[in-house]
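Mind looking over this structure? Questions follow.
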Amino acid sequence: MGFGSVWHWVIVLLVVLVLFGRGRVSDIMGDFGKGIKSFKEGMADETDRPATPPPAQIESKGEPVKPAATEEKTGQN
């Protein structure tokens, strides 16, 4: 019996129905559908929301910050 055969899936479905019952499988699939719907709504909200501008840069009032000092070789050993 192959993994993709129809009989394989019929048996798997019957085992799932026996283990969880018809009502429980229905509840699980309903929750799954609600999750997908919520995900799609969230994705739509992201595309509808206008892009926010980047935050303004803060100007310092003191001396400008210098990059880390690098030692220059003067040729003396």
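What follows draws every value from the coordinates through simple rules; no lab data is involved. These numbers were taken from a predicted model, which means no experiment stands behind them. Cβ coordinates were reconstructed from backbone atoms using ideal geometry, including for glycine residues, and neighbour counts include every protein chain displayed.
For the pair Glu46/Glu63, report the inter-label distance in nm, with labels modelled 7 Å from Cα in the Cβ direction.
In this crude label model, Glu46 to Glu63 measures out at 4.6 nm.
Just to verify a number: FRET efficiency for Val6 and Met29, C-beta to C-beta distance, R0 = 25 Å, to 0.05?
0.75
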